[in-house]
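Here's the structure we're looking at; comments come further down.
Nothing in this text is a laboratory measurement; each read-out follows from the coordinates by a stated rule. The model shown is predicted, which means the values in this text are computed figures rather than measured ones. Quick reminder, even Gly has a Cβ in these numbers, built from the backbone with ideal geometry, and neighbours come from all protein chains shown.
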Amino acid sequence: MNGVFDLGGTDGLGPVLVEEKEPIFRAEWEKAAFALFASCFRAGIFNLDGFRHGIEKMDPAEYLLSNYYEHWVHTAEYHAELKGVFSAAELDERTKFYLDNPDAPLPERDDPALLEFVDAAVKHGAHAARETDKAAQFKIGDVVTVTDDSPTGHTRRARYVRGRTGVITGLRGSYIYPDSAGNGGGDAPEHVYTVKFDARELWGDEVGDPNGVVYYDVWEPYINHTKTEN
């Protein structure tokens, strides 16, 4: 999706500061937010790409001023309301209750199967590979150009590679297509390729490192054939 969420290659946001011995969670509520992903996934509230798209629905200023797990809470709220799990009014009522009664116990649920699923999902993830009857349209050595339109929904085609030309260096198989799965469609698997871009192709001759390259995985609908490299 176009917006502040697509930060690759964006200037002016300052350095990425890596904290030494950074804690996994900075507050107790972040642990609950972390568990929301696997539990909502199991309940069919969202898939991975829908989860990402829910974050992209945030107000841009709120997105930039909030932390990582606040984004997770937002997308869980967005999709749960969209699925009819609760209404905005019900969420506001429950939120007010706990603000007024901070020591009130949280609801408890005894669901061993859910705990088993969350534990497995956290440790092993969920593979996105899917079979397809489509034949791969490109091969290693093909020179391809990423399409340069601006989709309005969810996509994994970053702005900084749009319209840029590179060489296919790897065929990865077929995977869930984010532009379908993230926008309410099915898995719609498509072939994925690793494309090597010269830094100067991405950033320009004056800025790009002449010895630098970037490898980017693209789904087949993202690219057009330019030529086969000799």
Worksheet item: Based on the Cβ-Cβ distance from residue 172 to residue 116, what FRET efficiency comes out when R0 is 35 Å, to the nearest 0.05?
Response: 0.70
Worksheet item: So what are the ³J(HN,Hα) numbers for segment 39-56, from phi and the Karplus equation (6.51, -1.76, 1.60; θ = phi - 60°), rounded to whole Hz, Gly and Pro as x?
Response: 5, 5, 4, 5, 7, x, 5, 7, 9, 4, 6, x, 4, 5, 5, x, 5, 5
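Could you pull out the GluC sites (Glu not before Pro) across segment 124-230 that fall in loop regions by DSSP (anything but H, G, I, E, B) with no more than 15 other Cβ atoms inside 10 Å? Each step should come with its number before you reach the end.
Working: sites: 131, 190, 201, 206, 229; in loops: 131, 206, 229.
Hits after loop and neighbour filter: 131, 206, 229.
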Fill in: On Cα atoms only, tilt of 88-100 relative to the major axis of the chain in degrees
60 degrees
Worksheet item: Of 196/227; 83/134; 96/123, which pairs sit farther than 24 Å apart, going by alpha carbon to alpha carbon?
Response: 83/134; 96/123
Item to complete: Give the long-range amide H neighbours of residue 171: residues separated by 5 or more places, or on another chain, with amide H under 5 Å away, using H modelled in the peptide plane at 1.01 Å from N.
Response: 194
Worksheet item: Just in segment 87-120: which GluC sites (Glu not before Pro) are loop by DSSP and have at most 15 other Cβ atoms within 10 Å?
Response: 108
